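Below you'll find the structure, written out as structure tokens, and then a few comments.
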Amino acid sequence: GAGADNDLYINQAIVFIEDAIQYRSINHRVDSKSLWLYRWYYSRTCQWILSLTITVILALAFIEEPSSLTVTSDVRYRLPAWNPPCGLTESIELLCFLVFAVDVSVKSYLIGWKEFWKNKWLMAYILTLIVSLADWIVSLSFFCKESVRIRRILRPFFLLQNSSMMKKTLKSINSTLPEMASVVLLLAVHLSLFTMFAMLLFARTKDNQQDKEWVVYFRNLPDSLTSLLVLLTTANNPDVMIPAYSKNRAYSIFFILFTVLGNLFLMNLLTAIIYNQFRGYLLKSVQSSLFRRRLGIRAAFEVLSSLKETPASAQQSCVSVGALLQVLQKAEMDSRCKQAIMRSLKMCSCDQLSAAQFQKLFEELDKDAIKQHPPSPEYQSHFMQKMQFAFGHPCFGYLGNVVALANIISICVVLVMDADKQPSERDDFFLGAINCFFILYYLLEMLLKILAMGLKRYLSYPSNIFDGLLTVILLILEIATFAVYGFPHPGWRPEFMGLLSLWDMVRLVNMLIVFRFLRIIPNMKFMALVVTTLLDLVKNLRAFAGILVVVFYAFAITGIMLFKGAVVPLGNTSVGPMNSWNIGPTTSMTLLKKKVPSWCSACSQAGIVYCLLYVLSVHLICRWAKIYFVAWWLISSVIWVNLFVALLLENFIHKWDRRCQRESLSGIEYQRTVELMFRDVLEEPTEEELMEKLHQHPHLQLCR
């Protein structure tokens with residue numbers, strides 16, 4: 001009947017609006033049962049379970065054999081790690097696979113069979129699950145003794161496919177690769193030419209004493225290529241040129257030319273190309289997200305205009321205010337946006353909304369909230385009003401910064417004076433006395449600010465929360481110190497009176513006071529511009545960070561499989577199973593002296609690839625293993641770091657343009673998302689484009 005149809009239209013509008021909020025595609029089933037399943041799938045509980053499952057399956061690498069449950073990664077001091085029995089982690093893994101199987105089944109059903117064959121991510125999802133399950137069965141059949149586990153390398157895919165922003169970013173990176181390849185090829189030509197020059201310039205001579213450059217760095221083609229590749233990252237600079245420079249200063253010209261051309265020109269040219277190309281592709285991705293949001297809102301308008309209560313005499317489609325209020329009450333959306341839309345509806349004098357009015361109401365979704373602080377208390381006493389004015393004035397905050405600076409300087413002075421003294425010669429009386437003074441001042445400052453601002457307003461500022469928490473911690477530790485060691489007096493050395501020194505903890509916590517100076521940043525316009533750019537990046541770089549985690553994880557697991565047992569303790573002349581990599585006791589000794597962690601666990605391998613994120617130290621590693629580390633350096637340092645710089649530049653330039661236009665502070669505070677970062681250059685979709693896309697919906701039949 002008409003009532004059932006109206007309920008269906010209401011539920012469809014609710015789902016379409018929620019799709020618009022989350023930038024989701026609306027190409028899914030829209031019947032009653034499917035809508036219920038769709039909302040259940042995207043509920044917080046289900047998404048939390050899915051996120052927890054992804055976290056658990058990624059974390060298994062740290063407890064699986066070889067386990068990372070050791071204090072140190074140094075093979076000389078590490079105790080045997082606890083390895084779980086066969087079947088424990090495999091059972092957890094099977095439960096995760098079952099959750100993923102339900103996830104992909106629900107997704108496939110909701111979008112329909114036709115859309116499923118168009119979705120490459122879902123097909124790859126199913127393929128990854130099948131391969132992982134097959135490898136899981138093989139693992140159990142070998143009683144968990146197999147050395148290669150393919151499914152461990154595939155685990156990051158579950159994180160990747162669950163994030164739409166990560167998939168968009170990956171697509172943008174993939175589209176940028178052809179342009180990056182041209183500069184990388186030019187970089188390879190530069191490296192090859194200078195390698196040939198180096199082999200000719202530092203050729204072997206009759207005097208072995210003068211051939212140190214040839215012996216160490218340019219003995220053959222692979223060594224020469226490796227030495228210059230590492231020099232490109234400045235990891236072996238200036239060591240690589242010292243033997244030749246000691247022989248003749250003119251040889252330094254070769255290394256200076258190589259570094260200038262490679263680092264200052266080609267690497268920065270690569271950054272410029274990545275910035276130019278990636279910005280264009282990211283802009284297209286953001287434009288697509290905007291289109292999805294506008295399409296979801298328009299789809300909600302179209303289904304609500306089909307309600308039976310809509311007047312038939314209307315010349316154009318319209319939606320009643322009552323129907324929209326009913327949808328807003330049931331839709332999952334930010335309370336601020338919901339209240340703002342409802343306020344706009346109450347201010348609207350008409351009972352029916354056109355498509356343009358309907359779309360304009362939901363522009364509130366494009367804005368971020370601006371936090372409003374509670375009002376200060378109103379005191380009747382004239383004396384209290386003066387107190388409130390004095391201690392609520394910015395100058396009182398500046399005084400707190402000056403006192404914090406004095407606290408830091410006093411600690412530094414004492415540490416410098418006691419640096420060369422024997423423990424028995426130190427006297428902590430002076431430091432203990434000034435700590436008492438500063439902590440009492442911090443406590444007094446906190447209480448006076450609460451008096452002037454009120455508790456609610458005081459806690460509404462993050463800087464006040466930090467200061468207050470820091471003051472409470474300092475006060476508790478100081479009271480505990482006095483209770484255990486007594487009050488400061490000449491010759492006071494409480495660090496030698498107990499196993500756990502609270503006094504040392506107090507001195508460490510005092511160093512955190514330096515963060516009090518961060519409160520002055522909003523008062524310095526250019527500094528505030530830089531800080532807001534960095535804060536925006538924290539929010540906008542989640543997709544980049546996620547992709548880096550995926551690459552980190554894949555390379556770490558690959559490194560474990562390739563180099564497990566490659567580094568052996570000193571004195572052990574037996575080479576492990578990786579004899580094919582030519583890593584024996586000599587190389588192991590070199591790596592241990594350089595304090596390079598071993599490859600025998602996920603934590604160790606993650607530490608290695610993190611150390612090589614910016615510089616490449618493959619001159620410490622055997623020949624064939626260099627391929628692995630060069631690939632990591634190309635992906636992480638050459639590509640990912642430059643993409644980070646590109647987004648940083650775009651965000652900063654956008655902020656700088658805003659500053660030059662002298663917009664209000666509230667306008668700057670709204671620019672908090674990637675979508676709004678490009679808001680000025682995004683094009684609003686036309687009504688014809690929206691309606692054409694809606695008529696192509698595989699499951700929605702519009703009345704017009």
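The values are calculated or read from the model by the stated rules, or taken from the named source; none is laboratory data. Just so it is clear, the structure is predicted and the values come from calculations on it, not from any experiment. In this analysis, Cβ positions are derived from the backbone assuming ideal geometry, glycine residues included, and neighbour counts consider all displayed protein chains. The protein model used for the area step is the full one, side chains on, heavy atoms only, and it has no ligands, DNA or RNA in it. Shrake-Rupley method; radii C 1.70, N 1.55, O 1.52, S 1.80 Å.
Within segment 200-259, the set of residues being touching a residue at least 24 places away in the same chain (Cβ under 8 Å), assigned to a loop (DSSP other than H, G, I, E, B) and surrounded by fewer than 17 Cβ atoms within 10 Å (Cβ to Cβ) comprises 234 only. Of the listed requirements (1) in contact (Cβ under 8 Å) with a residue 24 or more places away in the chain; (2) open to solvent by 40 Å² or more (accessible area, probe 1.4 Å); (3) among the polar types (S, T, N, Q); (4) in a helix (DSSP H, G or I), residue 174 misses just one: (1). Screening residue 291 with (1) over 30 Å from residue 165 (Cβ atoms); (2) surrounded by fewer than 20 Cβ atoms within 10 Å (Cβ to Cβ) gives one miss only, at (1).
The residues in segment 450-470 that are closer than 13 Å to residue 376 by Cβ and among the aromatic types (Phe, Trp, Tyr) can be counted, and the count is 2.
Does residue 447 satisfy the criteria of being under 17 Å from residue 475 (Cα atoms), open to solvent by 50 Å² or more (accessible area, probe 1.4 Å), in a helix (DSSP H, G or I) and at pLDDT 85 or above? First the steps, then the outcome.
On the way: under 17 Å from residue 475 (Cα atoms): yes; open to solvent by 50 Å² or more (accessible area, probe 1.4 Å): yes; in a helix (DSSP H, G or I): yes; at pLDDT 85 or above: yes.
Spelling it out, residue 447 is indeed under 17 Å from residue 475 (Cα atoms), open to solvent by 50 Å² or more (accessible area, probe 1.4 Å), in a helix (DSSP H, G or I) and at pLDDT 85 or above.
Do we have residue 437 as modelled with pLDDT of 80 or more, open to solvent by 20 Å² or more (accessible area, probe 1.4 Å), closer than 19 Å to residue 411 by Cβ and not hydroxyl-bearing (Ser, Thr, Tyr) here? Yes, satisfied. Against the test of being at pLDDT below 80 and open to solvent by 30 Å² or more (accessible area, probe 1.4 Å), the options 418, 427, 366 yield a single qualifying residue, 427. Evaluate the following for residue 278: is it modelled with pLDDT under 80, among the hydrophobic types (A, V, I, L, M, F, W, C) and either in contact with a helix residue (DSSP H, G or I) (Cβ under 6 Å, 6 or more places away or on another chain) or surrounded by fewer than 20 Cβ atoms within 10 Å (Cβ to Cβ) (or both)? Spelling it out, residue 278 is indeed modelled with pLDDT under 80, among the hydrophobic types (A, V, I, L, M, F, W, C) and either in contact with a helix residue (DSSP H, G or I) (Cβ under 6 Å, 6 or more places away or on another chain) or surrounded by fewer than 20 Cβ atoms within 10 Å (Cβ to Cβ) (or both).
Residues that are open to solvent by less than 50 Å² (accessible area, probe 1.4 Å) and free of Cβ contacts under 8 Å to residues at least 60 places away in the same chain within segment 181-199 comprise 188, 195, 198, listed in sequence order.
Screening residue 149 on (1) surrounded by 14 or more Cβ atoms within 10 Å (Cβ to Cβ); (2) modelled with pLDDT of 90 or more; (3) not aromatic (Phe, Trp, Tyr) shows it passes everything except condition (2).
For segment 62-70, the criterion of a residue being assigned by the TED database to the domain that holds residue 108 and assigned to a helix (DSSP H, G or I) is satisfied by at least one position.
I want to confirm something. Restricting to segment 162-171 and keeping residues that are assigned to a helix (DSSP H, G or I) and of a type in the set (S, T, N, Q), which single residue is surrounded by the fewest Cβ atoms within 10 Å (Cβ to Cβ)? So that I can check it myself, show each step before the final result.
Residues of segment 162-171 that are assigned to a helix (DSSP H, G or I), as a first pass: 164-171.
Subsequent filtering for residues that are of a type in the set (S, T, N, Q) retains 164, 169.
On the way: 164: 17, 169: 25.
Taking the candidates together, the pick is 164.
Checking every residue in segment 311-324 against the condition of being of a type in the set (A, V, I, L, M, F, W, C), free of Cβ contacts under 8 Å to residues at least 60 places away in the same chain, in contact with a Ser or Thr (Cβ under 7 Å, 6 or more places away or on another chain) and open to solvent by 20 Å² or more (accessible area, probe 1.4 Å) gives zero matches.
To keep it simple, each residue is scored yes or no on (1) under 29 Å from residue 38 (Cβ atoms); (2) open to solvent by less than 50 Å² (accessible area, probe 1.4 Å).
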| position | (1), (2) |
| --- | --- |
| 69 | no, no |
| 105 | yes, no |
| 110 | yes, yes |
| 118 | yes, no |
| 132 | yes, yes |
| 144 | no, yes |
| 159 | yes, yes |
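Among the residues of segment 19-36, the one identified as under 25 Å from the mean Cα position of the chain (by Cα) and open to solvent by 50 Å² or more (accessible area, probe 1.4 Å) is 22. No other residue among 376, 354, 349 is farther than 30 Å from residue 465 by Cβ, among the hydroxyl-bearing types (Ser, Thr, Tyr) and surrounded by 13 or more Cβ atoms within 10 Å (Cβ to Cβ) apart from 354.
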